[in-house]
Amino acid sequence: MRTLYKFHGGIHPPTHKSQSTTVPIGRLAIPGKLVIPFHQHAGNRAKPIVQVGDHVLKGQLIGMPQDTMSSAIHASTSGTINAISMELVAHPSGLADLCATLIPDGKDEWIVRTPIAYQHSSPANLRNALRMAGVVGLGGAAFPSDLKLNTKHKVTTLILNGAECEPYITCDDMLMRERASEVIGGAEIMRQILGAEEILIGIEDNKPEAIKALQLIAANARNIEVVAIPTLYPSGSAKQLIKVLTNLEVP
C-alpha cells in the first residue's frame, strides 16, 4: 500500500454530493438554436472558417486556432450556420464576443472520424491532435491542453486529480464511475506524450464506486495506481494532492 502524507490544515465541510449521484449521466435534448463562441479558451480567439448558409456536421471544424495559445472550435451538432456575429457570452464581464449561430437540423449527424493510433504517434503529433480537437482544461482558465503537455523536463509521475473535494460537485465522480475505460485511455495518451514512468490517480475515499471502477480497468494497465486518499478539503488542489501522494511540496 502506498504511503500517504499530510498537508497543513484542511476542513471537513458537508459534502452534499448525494443529490447528484443517484441517477446516471444524462444527455440534453438538441435545442432549436446554438450560439457557439469562437473564444472558449485562454489565449487568442479561433478564426471562423465557415460562412452564413453553410451546412455543417457534428464535430466539424468551424474555428481555426490562431497563434500558439489558441484552440479549435467545432460544431456541436449538424445544421446550418445562421449568423456569425457578436453575441453575449457566459462571462462575468457581460460583454459580447464573436460567435457562430447554428440552427440544428435534428439529425445530429457526425463527420467521418478517424481514430489515432496514439501508441505509434509522436508527442508533437499528439499535441497537435489535441489542439485541433479543441481540448482545453476545465478547471476555470480553459488553458489549451496541448500547451500543458508541452514540457522539456523529464516527467516521472503523472497525477490525475480525481479528488473532487468541493461540496455539491460530482461531475468527476460520475465520469469515473461510468467512463472508467475512457479515463484510463486518456491517461495512457498523456503518458505517451510525456514519457511518464508511472500514473497515479488520486481520489477521495468518499467515492468508493469511482475507485472500484477505475481499479478494475487499471488492473490491466501498466504502472497505473488508483489511490484512495482521505476526504479532506482542499485535497483536490494540485499542490495539496501532490503533497499527499508524493510528499513533494510545490512552491
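The values are calculated or read from the model by the stated rules, or taken from the named source; none is laboratory data. What you are looking at is a predicted structure, and each value in this text was computed from that prediction instead of being measured. In this analysis, Cβ positions are derived from the backbone assuming ideal geometry, glycine residues included, and neighbour counts consider all displayed protein chains.
Quick look at the numbers
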item: Residues (in contact (Cβ under 8 Å) with a residue 40 or more places away in the chain and either acidic (Asp, Glu) or surrounded by 15 or more Cβ atoms within 10 Å (Cβ to Cβ) (or both)) located in region 225-236; result: Glu225, Val227, Ile229, Thr231, Leu232, Tyr233, Pro234, Ser235, Gly236
item: Selected residue (criterion: farthest from Tyr233 (Cα to Cα)) from residues of region 111-135 that are in contact with a Ser or Thr (Cβ under 8 Å, 6 or more places away or on another chain) and either among the small types (Gly, Ala, Ser) or not in a loop (DSSP other than H, G, I, E, B) (or both); result: Ala129
item: Positions within region 186-201 being closer than 22 Å to Pro115 by Cβ, without any contact (Cβ under 8 Å) to a residue 60 or more places away in the chain and not basic (Lys, Arg), in sequence order; result: Gly186, Ala187, Met190, Ile199
item: Residues satisfying the stated conditions in region 53-98, i.e. without any contact (Cβ under 8 Å) to a residue 24 or more places away in the chain and either touching a strand residue (DSSP E or B) at 6+ places or on another chain (Cβ under 6 Å) or closer than 21 Å to Arg131 by Cα (or both); result: Met64, Gln66, Met86, Leu88, Ala96
item: Subset of region 4-51 that is small (Gly, Ala, Ser) and on the phi > 0 side of the Ramachandran plot - its residue that is surrounded by the most Cβ atoms within 10 Å (Cβ to Cβ); result: Gly43
item: Residue satisfying condition, being touching a helix residue (DSSP H, G or I) at 6+ places or on another chain (Cβ under 8 Å) and small (Gly, Ala, Ser), within set Ala83, Ala72; result: Ala72
item: Single residue of region 64-95 satisfying the filter (under 19 Å from the mean Cα position of the chain (by Cα) and assigned to a strand (DSSP E or B)) that is farthest from Gly140 (Cα to Cα); result: His74
item: Members of region 44-83 found to be basic (Lys, Arg) and farther than 22 Å from Pro31 by Cα, listed by number; result: Arg45, Lys47
item: Of all residues making up region 136-163, the number that are assigned to a loop (DSSP other than H, G, I, E, B), at pLDDT 95 or above and touching a Lys or Arg at 6+ places or on another chain (Cβ under 7 Å); result: 2
item: Qualifying residue in region 202-224 (condition: assigned to a loop (DSSP other than H, G, I, E, B), without any contact (Cβ under 8 Å) to a residue 12 or more places away in the chain and under 21 Å from Ile242 (Cβ atoms)); result: no
